[in-house]
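Step one of this worksheet: look at the structure below.
The values are calculated or read from the model by the stated rules, or taken from the named source; none is laboratory data. Fair warning: this is a prediction, and the values are worked out from it, not measured in the lab. Using ideal geometry, Cβ is built from the backbone for each residue, glycine included, and neighbour counts are taken over all protein chains shown. Ligands, DNA and RNA are stripped out before the accessible areas are found, and what is left, the full protein with its side chains, is counted by its heavy atoms. Shrake-Rupley method; radii C 1.70, N 1.55, O 1.52, S 1.80 Å.
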Amino acid sequence: MTADEIRAYLEPRRHEFADPRSLVMPALKYAQTTRGHLSREDLDAVAEATGFTPSFVESVASFYDRLYTQPVGNRVVSVCITLSCMLRGSDEVWDHLCEKEGIDHHHGGTSADGRITIQEAQCLGYCDKAPCIQVDADETLGPFTPDSAAALVDELRAAPDPEEYWR
Amino acid sequence: MADYAPVDLTAENLVSFELNGEKVQAPAGTMLVDACHALGVEVPIFCYEPRIGPPVGACRMCLVEVEGMRGLQTACSTPVQPDMVVRTTSELATQGQESVLELLLANHPLDCPVCDKGGECPLQDRTFRFGPGKSRFHESKRHFLKPVELSSRIALDRERCISCFRCVRFSQEVAQDGQLTMQERGGRSEIATFSGDAYEARFTGNIIDVCPVGALTSIPYRFVARPWDVTNTPSVCGLCPVGCNTELTLREGVVRRVSGRDEPNYAVEEGWLCDVGRWAYDSADHTGRLHRAVVRDANGARETNMADALSAATLVLQRADGPVGILLGPAATVEEAAIALDLAGGALRGAVVARLGIPAGPLAPLRATRRAEMGDIDDAQTVIVVGGDPSLQQPVVELRLRKAALRRGARIVTVGSRRTGLADVAEHVDAAPGALHAAISDIAARIAASAEPVVLWDEAELAAEPAAADALATAIAANGAARQIELGQDPNGAGLRALGIPATGLRDALAAGRLGALITVHADPRSAPGRDAWDAALGDVPVVSVATHVDATTDRATVVLPSLTLWEQEGTLVSMTGRAQRVRRGADGPDGAAPGWEILIALGHYLGAPPAYRTPGAAFAAAAKAHPGLGGLTYDDMGTLGAPLPPPAADHLAGDAGESVAAGSAGLALVAVRDVHAGRAAQGSEALLAFHAPAAARVSAATAERARLTDGATARISSPHGEATLPVRVAPGLPDDAVFVALGTPGAAPESLLGPDRGPVRVELRP
Amino acid sequence: MPIMNNVYRQRAAEKPLVTLDDYRAAGGYTALPKALADVEPDDLQYVFMRSGLRGRGGAGFPMGKKASFLPKDSKKAKYVVCNADESEPGTFKDRDIMAFNPFQLLEGITLAGYAIGAERGYIYIRGEYEHQARVLDDAVRQARAAGLLGEGILKSTLNFDITVYRGAGAYICGEETALLESLEGKRGQPRLKPPFPAVAGLYQSPTLINNVETLAALPPIVENGADWYAALGPEKSPGSKVFSISGHVMRPGNYEIVLGETTLRELIFVHAGGLRPGRRVKAVWVGGSSVPVLGEGHLDTPLDYESIQAAGSALGSGGCIVMDDSGCIVRASLRLATFYRHESCGKCSPCREGTTWLEKLLMRMIAGEARMEDLEMMETLFGRISGKTLCPLAEGAVAPIKSALNMFRDDFVRVVENGSPRPEPMMAGA
Ligand SMILES: Cc1cc2nc3c(=O)[nH]c(=O)nc-3n(C[C@H](O)[C@H](O)[C@H](O)COP(=O)(O)O)c2cc1C
Ligand code: SF4
Ligand code: FES
């Protein structure tokens, strides 16, 4: 994404903040929508559009789970593994998905075809639907069984790519 | 590392409180850690670094008990309050300190035996004194790739980092280069630059000094020495006139490291050094170092020993057809200069003594106005920088200005022909090159309108515009509370002037054929501004050169007496703010070389009229008696932090006025800057490879185009004083119709374009 | 899932009230006109104070008292910040208030803004709640169009607007000063206190920070009067509270109860439908995961701040996680340790290193690689962390695990001896 595109996106929101630094987060989230992650160029563009150094921008981006400074799959599948979900079988769901996609159980990762990233999530706030899964920043769904989670991933793989990656 | 801020226990606003059962006093509002330190009670810290900024309370090392407050408090962020009851050694506080240390060590590699910081490491030291004794951490530690290069000068060992944020805060809040940040989160946090780019900026080395563990180390110093086989000597940097206080680390007679002092000089550098001052020490040994004396005759040059060379020099001087001239270089020490003056009054009676530098006459009224020290910038609300670019010429000044702007909200105004290194924090008033006078009424109005302003002025630019200098002096004097700091050119310009040594006279005498020989002391007139005029004046007058490195003058001198450098010899330098500070002997230097002062005393002996002293200390004492400019100071008065000289009187050196060659109005203005990054020390240092750049003439795109030159093309430049050939660099942010060159770059000769007495110059630029 | 019962029910009936008309039809936006017409800002603060409303974000600090800490004579802009970061494990109440009743929150924030003299409010919502953030964005648009936000609200002199600000995945941003850092575009790392946000908060200006549920309770309080609210439940814990209940219960969800009137047992067995047949309660984290664990013996504790505290835990956020006797307390503790290790911001050493250590230690126990000394070691580790940190996150890691070790030491001993195989989870449809 270019600095000008980011500027155009931020412009209507500028007046809402007394300090332009606040725009860094919205800018990063928006910059991520083209590629699904933040490339060096994206970070540079955010820095240019907001007036902060690229290093500062990167340090902010790297702090948050949902800002990706490394490439991820076309769809990011977050499996909540925190206590309520664990009690309801999230480990089983996790293991099944990792196995199915050929992904390392310990760290998660991206399927070989680059379409699907499976990652552990900390409590997603849908414990009543445990075990729950969120795809990108779509509404969190649940409860899942290992099989229904696998079916979800198959569906995602078959579906067209989103136009913008909101994660 | 200045862990604790200085505390004045004799201040007026003292309050009483109880510390570990004793009634004590400290100024209200002082942070507890600092108060404790001043009172002789050590509260351990890691993240607190008062020079960097307000406390962040991150490391939690400084936990103490304060009665009435729940749990433990961080002493680094708790101000002293009347009647508070503080316990730093109670069971609770001790448990707190032990806890934090044990946790910090949990992930630390404990590789002290192979760590460069071992032996001088705050973590090691505090673990010993405040730690729980033994770590019970049996888990696997985190592992990173072994040291990575943060830059070509700094290695980063991530495993050792304790995430104290000091380095990151230095980059963000002191140098404000914005390059170093903390990335990732939690246990994965690590300090990093953008996408792993090299950390390249002007002050990066300070992060080594502030790092309380061995995570950041100097690459040139890695594995070179261990703390127990080195000695540390306090000294002063001789590369620019700021006079930063340094500490030299020596092993086997060689300087292995230069760092900021543990006890910084708050009136000068505050413990921060620029990267040139920190790393250029290796340039002392770079190619061109004079290891042996040289005597030149009809048969050519031959190397010889010092005694032989001194005899030859004596012969040259005794046979001279007329009085002798003695020319002192910009970094010649007070002692060397004083001995030269004594020779001129004794063994070389009638000798003409001068310094290589800018004539003092036009600046005398300005120098006579109220002076400030660097520390005064901290409290200023308005700082006006008239001409120059301290970031390049007196680098550490930049950090003071940034501090004033960021922490005190001071208003910084720069006036001149280009945006300086302070562009991001300063308001800029534009003046065409050589036309400060056009902005002077604006400057005067600002001075008049500010409470206690501090005015920084550039020696070279104001010397070239005497009328502007006078007007500035008047404006400063008119505001009773205004003070000024000279942004000087020469490392010891103020010291030489204090001895009454003029910049003028000698060359004219030479040119008029009145002198029979010349002694140069760390002076290279054949490469100096006005070098063509010097060459002409010198003709074939025999020269005795006291020098550290081969240069254009030693190349043709009859006798070359190899001297030690400022990293190797004793002496005194007077900073641009008039502070006399002692340089101390660090390295041994080449066997064949001797200290400059010793060579000059020896010359007196050889000439049969030795001065009455044998040591630099005695030479200084004698000089202090003879020259009121030295204010009667002694080495003791100077101590380790130096002492201010009395301000120069208004008529002081008033007659030191150069001949001014009219600049004319045709052509482009020449702006010649003594950029320490471009000078011989930086360019000759292997450690500073990142700063190495060939000399160039920098111009705006429009100026280049008009001269039908493109970036990188070679330009022939001519002025009324001479010619030079330099590659052109098209640079942004420069005014049109001006050519910018750096002085002192080895191998380049823009000095030909200047007049020896400086003054404005216009040049022609041709392909 | 609609929220049941009292304060929030008035608005959220069967369907989500996501249009202004529906919210109005359910009685919404009556408090704001009333306050603007009849109540001076200082008096409004007094109403908040007298209602006894305590913060619902975790700490339970009286809301009106906090509002009164903002300096009255400050020339700086003031701000209301709504903490919608809701990331405490087991907590999902704010989620439903925002999704089902967004206008009640907007009205509450506007009332708070009027009371303290702020002109802008921010809702800092966790990035994972994108759906809820869009509902709020839409509600803000509708309110603006209807003159309920913006300049001269309801033709009064009040100017007030609200910005929905999305986080990007960091539990620590629920801590109020970390939230402010994040809202200022920085890394979400807590600040040293003092100064407190009431004095130097967002952009160093006086700032009132409250939880979603706290602020959403303001309209009914203004409408029905402080006395009405104060009369609900016990004197020190008045009002109603939404409990999120999850884990090994049959009907996980949000249940609004009047404080002090319902016991933990009723919450689990009446509202949440109890456990699977044949199972008993093993452990309950009643106020989110950052509180000491309770056991079967505590089930008759009434749900209010004081009673739960007396039982040795805390009401916290009201995120009640229930584990039955099929679960392993050591595994549960490890899972929480992992959470806090992952969420530690890394700024202060005891938390950064302590949570890492704790997780590693518990991992070894689960794997059967620990020794008995490691239990003592873990106990000292709690002491190494506790009371040493910059913010309470690490305290939240220590509280549930330390209490678990105390209460279920036998389980820990057994796990140290034999490790702990993964138990059968309670699967969907079970
Ligand atoms: C680690 C940590 C996480 C927190 N997370 C939240 C949160 O997600 N939502 C919330 O309202 N308060 C949270 N809090 C509490 C807030 O710091 C703050 O007390 C609260 O927002 C005040 O609002 P209240 O008084 O209305 O409860 C958290 C505190 C800590 C220490
Ligand atoms: S590298 Fe050194 S100074 Fe920087 S955060 Fe780590 S320990 Fe602190
Ligand atoms: S020195 Fe006080 S917290 Fe680091």
Item checked: Out of B:R185, B:R226, sole residue that is modelled with pLDDT under 95 and either farther than 30 Å from C:F339 by Cα or open to solvent by 10 Å² or more (accessible area, probe 1.4 Å) (or both) -> B:R226
Note to self: Quick test for you: out of B:P44, B:P113, B:P55, B:P132, pick the one residue that is in a loop (DSSP other than H, G, I, E, B), more than 16 Å from ligand 3 (Cβ to nearest atom) and not charged (D, E, K, R).
What the structure shows: B:P132
Notebook entry, point to check: Looking at (1) assigned to a loop (DSSP other than H, G, I, E, B); (2) buried (at least 24 other Cβ atoms within 10 Å of the Cβ), which is the one condition that is false for B:Q97?
Noted result: (1)
Next item on the list: Go through (1) near ligand 1 (Cβ under 10 Å from one of its atoms); (2) open to solvent by 10 Å² or more (accessible area, probe 1.4 Å); (3) within 13 Å of chain A (Cβ to nearest Cβ) and name the single condition C:E130 misses.
Entry: (1)
Margin query: Checking the structure you have, find out if any residue of region B:169-185 is in a loop (DSSP other than H, G, I, E, B), within 16 Å of ligand 1 (Cβ to nearest atom), closer than 27 Å to A:Q70 by Cβ and within 13 Å of chain A (Cβ to nearest Cβ).
Written below: yes
Next item on the list: Kindly indicate which of B:L216, B:L250, B:L290 is open to solvent by less than 10 Å² (accessible area, probe 1.4 Å) and touching a strand residue (DSSP E or B) at 6+ places or on another chain (Cβ under 9 Å).
Entry: B:L216
Checklist line | Enumeration of residues in region B:200-236 that are within 14 Å of chain A (Cβ to nearest Cβ) and within 16 Å of ligand 3 (Cβ to nearest atom) | finding: none
Notebook entry, point to check: Among the residues of region C:242-250, is any within 16 Å of ligand 1 (Cβ to nearest atom), of a type in the set (A, V, I, L, M, F, W, C) and either in a strand (DSSP E or B) or closer than 24 Å to C:V81 by Cα (or both)?
Noted result: yes
Next item on the list: Could you tell me whether B:D555 is without any contact (Cβ under 8 Å) to a residue 60 or more places away in the chain and under 21 Å from B:G325 (Cβ atoms)?
Entry: yes
Check: From the list C:D96, C:D138, which residue is farther than 22 Å from C:K65 by Cβ and away from every other protein chain (no Cβ under 14 Å)?
Finding: C:D138
Notebook entry, point to check: Any idea how many residues of region B:495-536 are open to solvent by 30 Å² or more (accessible area, probe 1.4 Å) and of a type in the set (A, V, I, L, M)?
Noted result: 4
Item checked: Of the criteria (1) surrounded by 21 or more Cβ atoms within 10 Å (Cβ to Cβ); (2) assigned to a loop (DSSP other than H, G, I, E, B), which one C:C351 fails -> (2)
Next item on the list: Answer yes or no: is there a residue in region A:112-129 that is touching a residue at least 60 places away in the same chain (Cβ under 8 Å) and out of contact with any Pro (no Cβ under 8 Å at 6 or more places or on another chain).
Entry: no
Check: Before we move on, is C:G60 more than 14 Å from chain A (Cβ to nearest Cβ) and part of a helix (DSSP H, G or I)?
Finding: no
Margin query: What's the total number of residues in region A:31-51 that are in contact with a helix residue (DSSP H, G or I) (Cβ under 8 Å, 6 or more places away or on another chain) and either of a type in the set (S, T, N, Q) or open to solvent by 40 Å² or more (accessible area, probe 1.4 Å) (or both)?
Written below: 8
Note to self: Go through region A:69-116 and report how many residues are in a strand (DSSP E or B) and within 14 Å of chain C (Cβ to nearest Cβ).
What the structure shows: 5
Item checked: All positions within region B:51-64 that are surrounded by 23 or more Cβ atoms within 10 Å (Cβ to Cβ) and more than 16 Å from ligand 2 (Cβ to nearest atom) -> B:L63, B:V64
Margin query: Between C:F339, C:F412, C:F382, which is within 13 Å of chain A (Cβ to nearest Cβ) and away from ligand 3 (no atom under 16 Å from the Cβ)?
Written below: C:F339
Next item on the list: Restrict the check to region C:52-59 and report whether at least one residue is in contact with a strand residue (DSSP E or B) (Cβ under 8 Å, 6 or more places away or on another chain), farther than 27 Å from C:Y203 by Cα and either open to solvent by 10 Å² or more (accessible area, probe 1.4 Å) or among the β-branched types (V, I, T) (or both).
Entry: yes
Note to self: If I go through region B:688-705 residue by residue, how many of them are basic (K, R) and either at pLDDT below 95 or assigned to a helix (DSSP H, G or I) (or both)?
What the structure shows: 0
Notebook entry, point to check: Restricting attention to region C:211-232, does a residue exist that is more than 26 Å from C:K78 (Cβ to Cβ) and in a loop (DSSP other than H, G, I, E, B)?
Noted result: yes
Check: In region B:135-163, which residues are among the aliphatic types (A, V, I, L, M) and not in a loop (DSSP other than H, G, I, E, B)?
Finding: B:V148, B:I154, B:A155, B:L156
Next item on the list: List the strands (runs of 3 or more DSSP E) that sit entirely inside region B:252-328 and contain at least 3 residues that are more than 16 Å from the chain's Cα centre (by Cα) and of a type outside the set (K, R).
Entry: B:293-297, B:300-304, B:324-328
Check: So which residues in region C:354-373 are touching a helix residue (DSSP H, G or I) at 6+ places or on another chain (Cβ under 6 Å), assigned to a helix (DSSP H, G or I) and within 11 Å of chain B (Cβ to nearest Cβ)?
Finding: C:G354, C:T355, C:T356, C:W357, C:L358, C:E359, C:L361, C:L362
Note to self: Under 7 Å between Cβ atoms, which residue pairs at least 6 apart in sequence (or on different chains) link something in region B:165-176 that is outside the structural domain of B:P50 (by TED's automatic domain parsing) with a partner that is open to solvent by 20 Å² or more (accessible area, probe 1.4 Å) and within 16 Å of ligand 1 (Cβ to nearest atom)?
What the structure shows: none
Checklist line | Check on A:T82, closer than 30 Å to C:E181 by Cβ, among the β-branched types (V, I, T) and touching a residue at least 12 places away in the same chain (Cβ under 8 Å) | finding: yes
Note to self: Quick check on region A:148-167: of everything there that is touching a residue at least 12 places away in the same chain (Cβ under 8 Å) and open to solvent by 60 Å² or more (accessible area, probe 1.4 Å), which residue is farthest from the other protein chains (Cβ to nearest Cβ)?
What the structure shows: A:R157
Note to self: Looking at region B:80-96 only, could you name the residues that are touching an Asp or Glu at 6+ places or on another chain (Cβ under 6 Å) and away from chain C (no Cβ under 12 Å)?
What the structure shows: B:V85, B:R87, B:S90
Next item on the list: Could you tell me which numbered condition B:E12 fails, if it satisfies all but one of (1) within 16 Å of ligand 3 (Cβ to nearest atom); (2) touching a strand residue (DSSP E or B) at 6+ places or on another chain (Cβ under 9 Å); (3) at pLDDT below 95?
Entry: (1)
